[in-house]
Amino acid sequence: MRRREFAMFAGPSILVMSGLLLLPLYRTVQWSLQKVDYGSPGEFVGLDNYRQAFSNSRLADAAVFTVTLTLLVTAVLLVAGYVLAVLVNGLGRAKPYVLGLLLVPYVIPHIVGASMFLWLFNSNYGGVVTYVIEKLTGVEILWMTDTWANRILLAMNITWAMLPFAMLIIVAGLQGVPDEILEAAKMDGASLIRTHLSVIVPSIRGVLGFVALISIMDVVRVFDPLVALSPSAVQIGNESIMLYIYNVAFRDGGQNLGLGSAINVLLIILIVILLFPFIRGVAKEAKTR
Amino acid sequence: MSTSRRRTAAAAAVVASLSLVVTGCGAGSKTASKTATQVECDYTAPSGETKVNVLAYNSSSVDPYTNTMVSSCTKGDVTVNHEPIDFGGQVQKTTATLAGDKGTYDIIETYSFVIPQLAADGKLEPLDELVEKYSDEYGLDAINENMSEAMSYDGKLYGLPMQAQMLIMAYREDVFDKLGLEPPTTFEEMRSAAEKIQAETDIEYPIALPLLASADIVTAYDAALGSLGMNLTDPDTMTANLDTPESAKALEALISLKPYMDPQVTTFDQPAVQQQMYNGDAAMSIMFSGRMNDLTLESNSQFAQDMAFAAPPSVDGGDVLYNTVSVDGWSIPANTPLDKEMLFEMIASSVSEKASKASLPAAYPARDGMVTESSMPFAAAANESISKVPPSEPYPWTAEISNAITPIVASVLVGKTPVEEGTQKMQAAAEKILAEYK
């Protein structure tokens, strides 16, 4: 491809990426070193915002909560997504319809989906699930104020919203598994479980890695579900890093954009650390090719 | 895959997909455009196509004014736009639109609590000259003086009052009559009534208050503190009053109601409290007056006919109630490029006599003499409530301090922070903010 053609094709994309990715990133780093009031130029304060961020235990609490939630939900997404994908992949003519239905939670905006999800658990708005649990066990679960119940509720909602994506990608991966190796496994007498664990899963390792990568990126930035499902997240220890940034930058005690930006930079570093094994894997794969 | 296994897989996949979809059923939406009234809106239109963007949160008491402005002032090449938004969204967008040299909105809904800070920062246009010029045309001399004062800062008017909201107690008259109870006038009486309701009816949590940890909870604390005769700050000495015995008592008073409220009360905003009343899960609630009319609508609740209203109780007896008054109004951002006179005529028309009358009974209009027993089912309660309100605190730091202490108040109420420690933390947070104004 000639240089001019390359520039014509890549130019618009580079321009858009610079505007939507690099410029905000530059601003975030710049503001993280400033005291910023809305509409006024910032005042350079060095690393003060970072010092302030690390001096408050809320950051560490939010980081631990976010990372734990991310790892757990990603693991559930991989396992449940795989099982669901296998079920869907085995369907005949119904497959496109079932796939279409399964994708509904993925296309609903997160905040809307989370609000609707809450209605299943909030007695004030019906709360069918809570009602059934209470009738069966006699236990009233406080989904929004009990720390662990709320964590489970959040994990379920995020899984509900992201499972279709995981399933869809894994279905695509399953379709690429050659029939020959499945036949060979069958002829060797491999059980169903053994075939999945030793033949299919290794064959779609790259696809599963991709699902894990996207899931980690999405869950680590979780915000919308918390707004709907965890109104007292700060008080019960279920504040995610994104919610913490929002509270600092736009809510608690006015608008501290500098501190919010500093925590944002720290979040970006955390995401890179979490994604490092996957990025290294991709790089290695590219080298071997 | 065998046929039976395939069928099992199909059934499992369909069940899984339906379970993912089923929670999506039942969503709905509500618009209030039918609350619009046609009034005179006689501004001089600028040449060319003009869009006027209005920022105002949706509620049954604000909607009539917004909708009237949109429907009456959209004409010719001038379009008045209003997008639905909740109160939290309005708060965020107000900050953003007033931040720079140019904003997104040309008319914004404001309230007495934020006027001092916004006015002190020069974010709003003073309206006095325009009020004087258009007073006769839109009958602005009938607007209540106290409400105008509440929307003023440093002697200048920054928001044209549309309506006031004060705290009102709504209670289930059928339950109270059956048990021989009177509407409580103190927190002590409220606890006694709740105890009796808990003991003698199926209502497990008789009291419903909006105590959302991220917002409403600080309004409740402020109302309790005010009822005990204490302000958040002393502007003469520039000191905070948050570590005083009254401050501790205000927190303890709110904590004392917890056994009678839903255990998840710190997640309840006003719509959630309304829902508790609609469902019959609570027998008494205290909310802003703008939420009261909804309780009387049979389309909302089977208990609508049983709702009765009273002024809220005082915390510890005395004339000052557990109360706060918020005056809502229209302001013109200083950074709008549009003609200020045109914008003023739009807001003046939306609070005109005809428009204000049409807002009844959902709103308590800012015009004198409009609220009567025949125009509003909770008029007596509203009038008594507004006459026994703690003094307002029209200082630029009030909103900032309220924001800063909100998580601390919440932490005390959920029991994570002891009262004494909480008051110390609140005092420190407030003193830090006051230091910037000294």
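Taking the criterion of being within 13 Å of chain A (Cβ to nearest Cβ) and crowded, with 21+ Cβ neighbours inside 10 Å, the residues of the stretch B:412-428 that qualify are B:V412, B:L413, B:T417, B:G422, B:M426. Quick check on the stretch A:48-79: of everything there that is crowded, with 20+ Cβ neighbours inside 10 Å and not aliphatic (A, V, I, L, M), which residue is farthest from A:V171 (Cα to Cα)? Only one residue fits best here, namely A:N49.
So, B:E188, is that one out of contact with any Leu (no Cβ under 6 Å at 6 or more places or on another chain), over 30 Å from A:A228 (Cα atoms) and either outside any loop (DSSP other than H, G, I, E, B) or basic (K, R) (or both) or not? The answer is yes for B:E188. Listed here are the helices (runs of 4 or more DSSP H) enclosed by the stretch A:148-222 that have at least 1 residues being of a type in the set (S, T, N, Q) and at pLDDT below 90, and there are none.
Any residue at all in the stretch A:3-10 that's out of contact with any Leu (no Cβ under 7 Å at 6 or more places or on another chain) and in a loop (DSSP other than H, G, I, E, B)? No; the residues of the stretch A:3-10 include none that is out of contact with any Leu (no Cβ under 7 Å at 6 or more places or on another chain) and in a loop (DSSP other than H, G, I, E, B).
Every test in (1) within 10 Å of chain B (Cβ to nearest Cβ); (2) surrounded by 15 or more Cβ atoms within 10 Å (Cβ to Cβ); (3) among the hydroxyl-bearing types (S, T, Y) is passed by A:Y82 save one, and that test is (1). Of everything in the stretch B:290-313, what is under 20 Å from the mean Cα position of the chain (by Cα) and not hydrophobic (A, V, I, L, M, F, W, C)? Give them in sequence order. If the condition is that a residue be under 20 Å from the mean Cα position of the chain (by Cα) and not hydrophobic (A, V, I, L, M, F, W, C), then B:G290, B:R291, B:N293, B:D294, B:T296, B:N300, B:P312, B:P313 are the ones that fit. Close Cβ contacts (under 7 Å, 6 or more residues apart or on different chains) running from residues in the stretch B:272-283 that are among the hydroxyl-bearing types (S, T, Y) to residues that are surrounded by fewer than 24 Cβ atoms within 10 Å (Cβ to Cβ) comprise B:Y278/B:N300; B:Y278/B:S301. Which of the residues belonging to the stretch B:102-131 are among the acidic types (D, E), crowded, with 22+ Cβ neighbours inside 10 Å and out of contact with any Ser or Thr (no Cβ under 6 Å at 6 or more places or on another chain)? B:E109 - this is the single residue of the stretch B:102-131 that is among the acidic types (D, E), crowded, with 22+ Cβ neighbours inside 10 Å and out of contact with any Ser or Thr (no Cβ under 6 Å at 6 or more places or on another chain).
Screening B:T97, B:T44 for residues that are among the polar types (S, T, N, Q) and within 22 Å of the chain's Cα centre (by Cα) leaves exactly one candidate, B:T97.
For B:S314, the conditions (1) crowded, with 19+ Cβ neighbours inside 10 Å; (2) of a type in the set (S, T, N, Q); (3) closer than 21 Å to B:A142 by Cα are fulfilled apart from (3). The number of residues in the stretch A:223-250 that are assigned to a loop (DSSP other than H, G, I, E, B) and at negative phi comes to 7. Applying a threshold of 6 Å to beta carbon distances and a minimum spacing of six or more residues, or different chains, the list of pairs starting in the stretch A:204-221 at a residue that is more than 21 Å from A:N157 (Cα to Cα) and ending at one that is crowded, with 21+ Cβ neighbours inside 10 Å reads A:I204/A:G173; A:V207/A:G173. Is there a residue being in a helix (DSSP H, G or I), within 14 Å of chain B (Cβ to nearest Cβ), of a type outside the set (F, W, Y) and within 26 Å of B:P210 (Cβ to Cβ) anywhere in the stretch A:251-259? Yes: the stretch A:251-259 contains one or more residues that are in a helix (DSSP H, G or I), within 14 Å of chain B (Cβ to nearest Cβ), of a type outside the set (F, W, Y) and within 26 Å of B:P210 (Cβ to Cβ). There is at least one residue in the stretch A:175-192 that is without any contact (Cβ under 8 Å) to a residue 24 or more places away in the chain and among the β-branched types (V, I, T).
Inside the stretch A:107-142, residues that are touching a residue at least 12 places away in the same chain (Cβ under 8 Å), part of a helix (DSSP H, G or I) and either among the β-branched types (V, I, T) or facing chain B (nearest Cβ under 9 Å) (or both) make up a count of 5. Under the condition of being touching a strand residue (DSSP E or B) at 6+ places or on another chain (Cβ under 9 Å) and outside any helix (DSSP H, G or I), which residue from the stretch B:192-229 is farthest from the other protein chains (Cβ to nearest Cβ)? So, considering only residues that are touching a strand residue (DSSP E or B) at 6+ places or on another chain (Cβ under 9 Å) and outside any helix (DSSP H, G or I), the one farthest from the other protein chains (Cβ to nearest Cβ) is B:L228. Only one entry of B:K123, B:K133 meets the criterion of being among the basic types (K, R) and either under 26 Å from the mean Cα position of the chain (by Cα) or closer than 27 Å to B:A362 by Cβ (or both), and that entry is B:K123. Taking first residues from the stretch A:151-172 that are among the aromatic types (F, W, Y) and partners that are in a helix (DSSP H, G or I) and surrounded by fewer than 24 Cβ atoms within 10 Å (Cβ to Cβ), the Cβ contacts under 6 Å between residues at least 6 apart in sequence or on separate chains come to A:F165/A:Y106. So is B:A272 of a type outside the set (S, T, N, Q) and within 14 Å of chain A (Cβ to nearest Cβ) or not? Answer is yes for this residue.
Could you check B:Q302 against (1) modelled with pLDDT of 95 or more; (2) in a loop (DSSP other than H, G, I, E, B); (3) farther than 26 Å from A:S115 by Cα and say which number it fails? Exception for B:Q302: condition (3). Of the residues screened, B:T417 is not one that is β-branched (V, I, T), under 18 Å from B:L251 (Cβ atoms), part of a helix (DSSP H, G or I) and more than 18 Å from the chain's Cα centre (by Cα). Being within 14 Å of another protein chain (Cβ to nearest Cβ), surrounded by fewer than 22 Cβ atoms within 10 Å (Cβ to Cβ) and of a type in the set (A, V, I, L, M) holds for only one residue in B:A142, B:A99, and it is B:A99.
List, please: which pairs have Cβ atoms under 9 Å, are six or more places apart or on different chains, and start with a residue in the stretch B:89-104 that is in contact (Cβ under 8 Å) with a residue 12 or more places away in the chain and end with one that is of a type in the set (F, W, Y) and assigned to a loop (DSSP other than H, G, I, E, B)? Matching pairs, first to second residue: B:G89/B:Y57; B:Q90/B:Y57; B:K93/B:Y105; B:T94/B:Y105; B:T97/B:Y105; B:L98/A:Y38; B:L98/B:Y105; B:G100/A:Y38.
Of all the listed residues (A:S240, A:S230), the sole one being over 17 Å from A:V83 (Cβ atoms), surrounded by 18 or more Cβ atoms within 10 Å (Cβ to Cβ) and within 13 Å of chain B (Cβ to nearest Cβ) is A:S230.
Only one entry of B:A248, B:A240 meets the criterion of being within 14 Å of another protein chain (Cβ to nearest Cβ), more than 27 Å from B:F176 (Cα to Cα) and in contact (Cβ under 8 Å) with a residue 24 or more places away in the chain, and that entry is B:A240. Would you please name the residue that is surrounded by the most Cβ atoms within 10 Å (Cβ to Cβ), looking only at residues in the stretch A:86-98 that are in a helix (DSSP H, G or I) and within 10 Å of chain B (Cβ to nearest Cβ)? For the stretch A:86-98, the residue satisfying everything is A:V88.
The values are calculated or read from the model by the stated rules, or taken from the named source; none is laboratory data. All values reported here derive from a predicted model rather than from experimental measurement. Cβ atoms come from the backbone with ideal geometry, glycine included; neighbour counts cover every protein chain shown.
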